[in-house]
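Data block below; observations after.
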Amino acid sequence: MKRLLTLACLAALGGCAPKTLQLPPTLPDTLSEPRGAREVTTLLDLDHVNDVAQGGGYVFVATDHGLLVFDGEGGMARLMETERFGAVTATESGDALAAAGSRLIALRGSTPTENAPPELPAGTTRDLLLAPSGALWACGDQGLLSLRDGAWMRMGEPVNCVTLHAAPQNALWASLDRGALFVDADDVVREHREGHGLPAGFVSSVVPVGAAGEAFALVQSPSDAYLAHFDGTRWFAYTVDGFERRVVGLGPSRDGVILFAEDHAFRVHTPEGIGGVRLTPLQRGERDEVLGYRATASEPTPVEQRELPDQGARRLAPVPPSHPTLEAPALAVEPTEPIAGRAYLVRTLGDRTYLALRGRGVVELGAGEPRTLSSRNLVADRDLQVASDERGIPWLVTDDGTVGVWQDGALQTVAGPEGARPWSVAPGPRGVYLASTVPSRPNVVQIHRRMPGDQWVLVVERTLFAAPPAAETEADDAAAAPAPAEDPETAAIAAPAPPTGPQLVGVPMLGVTEDEALWVALRVAADTESGSRLRGVAVLSATDEAITYHHEVVDPAVDGAEALRLPDDFEAMDVNQDGMAWFATLVGAIRLGNHQSVFFGEDRGVRGEVVSDVLVGSRGRVWVAAAEGPGYRQQQSFEFRMPGFVKEARPLRLAMDPQGRVWAVGPNGLLVESEDQWTAFGEAEGLPTTQLVDVEVDAGGAVWILAADRVLRLDRPQAAPAQR
């Protein structure tokens, strides 16, 4: 976060950059430990951002899981979280329009209104623009559309449109997958195509500059990216020799543009008296190659829905060995400051630029100090959900049901099983498992497994709390006789019977054993302030229809013959001991197995009795995080002899890494145990915060820590250089 503040120089565009392209070394936040330094990554959310708009003190963020609206006080509302929003635009007064599919939603601030324009034609809407003149534009695979007299009209041909950019004098640029369009206030269109000056087809970003019609653009081919400049008559394509960073977009500056790479920002400008590294011109278009015509407004007709080519970040094109000298305007580039995160989307709105960073939300630049806008949906209310699949890749589930995976050094969202609401994730014998409810079917729980081919496969589906089948009798046979036929035209349609007994609200914890028994924590509706409560666990099997319920008041006739007593409310569970399941509760650690429930409280050696976590560890130990510090059970007795600083830290959560080391966190920092030796970590060792809530370790050895306001990922340790 400290490095992000230095991006303020992008707004002021002062001379804070070095004079050459040689980047200064940027050391990430690190945690020092005996085995080496661990890079620390701060993560906030799992939202994938598709568009950003601002106006009236509000910032609107269109994501794959609803529309986020941030006010000037830092408050946030998530609207229509079950829908994907592909585009959003807003006026200076705070009136906004957002596109969910082809449907438009009108808002004033965070309040939806009734004055939405008519639905867009079928297709994918990728961008909206409320121009200063009041005109409304939309683009997508149905082309470039304008709202005229209450109806949507297509301007020109049904091109595949990517983004819209307001230009001076009520003009606009539309970037396409095969070129760009410039539309002036009189609806005269100038069409820019590959082969007519542009170095490649896909135009991912446009920044209008100078007089109407002049612009910089970021243009991509399947393998390379180019910085292109249109001076009003012809295009020039540029690159930077040896530029290795992957670029994602452009933003405006006072005398040029800002080129944003994934992890750094670069200022492109005219070089007189400033310095920097000269750009190499690769291509020069001829004059008058732009096709101009007056657009004919026509009613849009359905077109085949077209996907965009891969929009991933690209490196700038290499300079050919025999490249000739080209006459072109001189441009220079110089680095400004590193970006604390991995950028993947850039939006420039007036004097502000918004960067979407993977796992970090959106950073706003250009209005005082930069600020971060994030839903923080990765910051869990209860515990951190992290599990590794058979490839060692970590998977996560947020409190709002978003599924994410850590790939290519960043968090990425992944679609969950269709029709299901994910709640919890756990490793198992055949990969990673996901527990979900089905909103359209009361009391149904589903367990899916992620296949290596990136598909969810249903392992178990059960309806919980259903009445057990009654024994068959002769009376039952008589009752089953067919009833008199009813007239289908007059017979009432039978409504589905409401669920009886507990009503399932969620499944917040999941455990999977080696024989694929599935332990699911149950949250049910209740007359409490929160509206729900825990009700023990259900044990499911992929090979047996039977369901066993372990909870406070057990009735074997209803809960199953193997049902055992377990407090309804518990903090954590671990099912990794053969034939046993351990639970952390307010009345001690509880073990279920061998047809009995055993409570380990003060009388059985658990000091303080209140247990917040349990962990089946190595060397035959079962660890507990108790009220008086961490301890473990080994050879049928508990051991709590720990150093004083460990006991005083009173960690609340535990995890074990692949080397068998135990990690512990609490409100006083981070601890790790290795062969009975403990080490404490705090701010002096590089930990950004000591207010820690939960900890998990993935199969690759990375440590995931839930803090009060963020998630920290400690990468695998990098070995310290050998001492000479």
> Quick one: is Ala589 surrounded by 15 or more Cβ atoms within 10 Å (Cβ to Cβ) and within 25 Å of Gly511 (Cβ to Cβ)?
Replying inline: yes
> Can you tell me which of Ala684, Ala680, Ala627 is touching a residue at least 24 places away in the same chain (Cβ under 8 Å) and among the small types (Gly, Ala, Ser)?
Replying inline: Ala680
>> Just to be sure before I move on: is Gly123 crowded, with 22+ Cβ neighbours inside 10 Å, closer than 18 Å to Thr63 by Cβ and at pLDDT below 90 in the structure I sent?
In response: no
> In segment 201-226, which residues are within 31 Å of the chain's Cα centre (by Cα) and not in a strand (DSSP E or B)?
Replying inline: Gly201, Ser221, Pro222, Ser223, Asp224
> Which strands (runs of 3 or more DSSP E) sit wholly inside segment 246-358 and have at least 2 residues that are touching a helix residue (DSSP H, G or I) at 6+ places or on another chain (Cβ under 7 Å)?
Replying inline: 332-338
> Among Val598, Val614, which is the only one that is at pLDDT 95 or above and under 32 Å from the mean Cα position of the chain (by Cα)?
Replying inline: Val614
> Does at least one position in segment 32-46 carry a residue that is outside the structural domain of Trp406 (by TED's automatic domain parsing), assigned to a loop (DSSP other than H, G, I, E, B), out of contact with any Pro (no Cβ under 6 Å at 6 or more places or on another chain) and at pLDDT below 90?
Replying inline: yes
> On the given criteria, is Ala171 among the hydrophobic types (A, V, I, L, M, F, W, C), touching a residue at least 12 places away in the same chain (Cβ under 8 Å) and out of contact with any strand residue (DSSP E or B) (no Cβ under 7 Å at 6 or more places or on another chain)?
Replying inline: no
>> It is to be established whether one or more residues within segment 658-672 are closer than 18 Å to Val386 by Cβ and without any contact (Cβ under 8 Å) to a residue 24 or more places away in the chain.
In response: yes
>> Taking the conditions exactly as written (outside the structural domain of Leu540 (by TED's automatic domain parsing), among the acidic types (Asp, Glu) and touching a residue at least 40 places away in the same chain (Cβ under 8 Å)), does Asp603 satisfy them or not?
In response: no
> Does Asp527 satisfy being surrounded by fewer than 16 Cβ atoms within 10 Å (Cβ to Cβ), free of Cβ contacts under 8 Å to residues at least 40 places away in the same chain and over 25 Å from Val610 (Cβ atoms)?
Replying inline: yes
> Would you pick out the residues in segment 359-379 that are over 16 Å from Val257 (Cα atoms) and part of a strand (DSSP E or B)?
Replying inline: Gly361, Val362, Val363, Glu364, Arg371, Thr372, Leu373
> So which residues in segment 661-685 are in a loop (DSSP other than H, G, I, E, B) and under 20 Å from Glu39 (Cα atoms), if there are any at all?
Replying inline: Arg661, Gly682
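The values are calculated or read from the model by the stated rules, or taken from the named source; none is laboratory data. Bear in mind that the values here come from a model prediction, so they are computed numbers and not experimental data. Note that each Cβ is placed from the backbone with ideal geometry, even for glycine, and that neighbours are counted across all protein chains shown.
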